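S.K.: The structure under discussion is supplied below as structure tokens; questions concerning it will follow.
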Amino acid sequence: MTLETMPLSKALNAGLRKAMEDDPRVLLMGEDIGRLGGVFRVTENLQRDFGDRRVIDTPLAESGIVGSAIGLAMAGFRPVCEIQFDGFVFPAFDQITSQLAKMTNRHEGALSMPIVIRIPYGGHIGAVEHHQESPEAYFTHTPGLRVVSPSTANDAYWMIQEAIRSNDPVIFLEPKSRYWPKGEVDLSASAAPLHASRIVRRGSDVTLVGHGAMVTTLLQAAALADAEGTSCEVVDVRSLSPVDYGPILDSVRSTGRMVYAQEAPGFTSLGGEIAATVMERAFYALEAPVLRVSGFDTPFPPAKLEGTYLPDADRILEAVDRSLAY
């Protein structure tokens, strides 16, 4: 086992570097990712070390970035696109949903689309609208796309490499509020496959489920609940499409209660889909309805109100109390 401690952003950088070293067909493209190293410095020094033909500074044209990546994939490359902020992905939405997601099916499986689209997403960075949103539901609703989100530096290092090796298009959602906290990275072995959910804290009374940055908030809530005598199990979904329901259902069948938390608005969201599936497949194990905690069904507010908008440990614990009251 080879362990190093690094922030999630540096783990992504290391994972991208390893993928580029292993496969000369891998290239990176996006706004300001070369000389600047990206707004969050995830691609820092990669253009210096691999050249400007493999780390490409593009114009500010997200549709053009993804459209060019589709052509490059058809020519045998494995492009990794960076969308600078979550809210900037929508100019590329037509290319992603109308072309990229459908290309392989359109060719009856004869054409692969090994493209990764990296999207920093989520709040807690004190920014304005278009910079703190959680658009995952748009992509999980689109057949033909794989959608994943790491919550730890270790997962970031391994999942970005696995996403690049995939022959299907992968939307790679990076929780930007987790870019800076450090964590241990095992450089010798992955903790779990790309599309596996994982129990990250054991408990016996209530199952807490979430993805991305919300996993850290769930762990905080579980620690506070434990101090009050309630044992919470925490499941990190990791893969948003497809969802690995095994660990989620096993946990719910053990605890009998579940709370799903997410930063995204609650209406027609990933949390709603997972809640409905758990109700269908583990109904007789449930002691209470599956409850959801989410951002509000409004546009993302000004930065000074993000603490009110985004779920915190208190809102999660309130849902835990409601679940236990049944």
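S.K.: Residues being closer than 26 Å to Leu3 by Cβ and in contact with a Lys or Arg (Cβ under 9 Å, 6 or more places away or on another chain): count how many of those fall in region 194-214.
M.R.: Looking only at that region, the number is 8.
S.K.: Kindly indicate whether any position in region 181-191 is open to solvent by less than 40 Å² (accessible area, probe 1.4 Å) and free of Cβ contacts under 8 Å to residues at least 60 places away in the same chain.
M.R.: Within region 181-191 (the criterion being open to solvent by less than 40 Å² (accessible area, probe 1.4 Å) and free of Cβ contacts under 8 Å to residues at least 60 places away in the same chain), the answer is no, since none of the residues qualifies.
S.K.: Within region 11-21, identify whether any single residue is open to solvent by less than 70 Å² (accessible area, probe 1.4 Å), in contact with a Lys or Arg (Cβ under 9 Å, 6 or more places away or on another chain) and not in a helix (DSSP H, G or I), and answer yes or no.
M.R.: No, region 11-21 has no match at all.
S.K.: When you go through (1) outside any loop (DSSP other than H, G, I, E, B); (2) over 18 Å from the mean Cα position of the chain (by Cα); (3) touching a residue at least 40 places away in the same chain (Cβ under 8 Å) one by one for Trp158, which number turns out not to apply?
M.R.: (2)
S.K.: The conditions are (1) out of contact with any His (no Cβ under 8 Å at 6 or more places or on another chain); (2) open to solvent by 40 Å² or more (accessible area, probe 1.4 Å), and Phe88 fails exactly one of them. Which is it?
M.R.: (1)
S.K.: So, in region 39-60, of the ones that are more than 23 Å from the chain's Cα centre (by Cα) and more than 17 Å from Met20 (Cα to Cα), which residue ends up most open to solvent (accessible area, probe 1.4 Å)?
M.R.: Ranking the candidates gives Leu60 first.
S.K.: Yes or no: region 69-87 includes at least one residue that is in contact with an Asp or Glu (Cβ under 8 Å, 6 or more places away or on another chain), charged (D, E, K, R) and modelled with pLDDT of 95 or more.
M.R.: yes
S.K.: Also: Restricting the search to region 94-131, which residues are under 19 Å from Leu305 (Cβ atoms), open to solvent by 50 Å² or more (accessible area, probe 1.4 Å) and either in contact with a strand residue (DSSP E or B) (Cβ under 9 Å, 6 or more places away or on another chain) or at pLDDT 95 or above (or both)?
M.R.: Within region 94-131, His124 is the sole residue that qualifies.
S.K.: Would you check if Arg78 is more than 30 Å from Pro302 (Cα to Cα), open to solvent by 70 Å² or more (accessible area, probe 1.4 Å) and not β-branched (Val, Ile, Thr)?
M.R.: no
S.K.: I'd like to check something: does region 81-93 contain any residue that is assigned to a helix (DSSP H, G or I), free of Cβ contacts under 8 Å to residues at least 60 places away in the same chain, over 14 Å from Ile117 (Cα atoms) and touching a helix residue (DSSP H, G or I) at 6+ places or on another chain (Cβ under 8 Å)?
M.R.: no
The values are calculated or read from the model by the stated rules, or taken from the named source; none is laboratory data. Note that the structure is a prediction, hence the values are computed from the model and not measured. Here Cβ is always computed from backbone atoms with ideal geometry, including for glycine, and neighbour counts include all displayed protein chains. Surface accessibility is based on the protein's heavy atoms, side chains included, excluding ligands, DNA and RNA. Shrake-Rupley method; radii C 1.70, N 1.55, O 1.52, S 1.80 Å.
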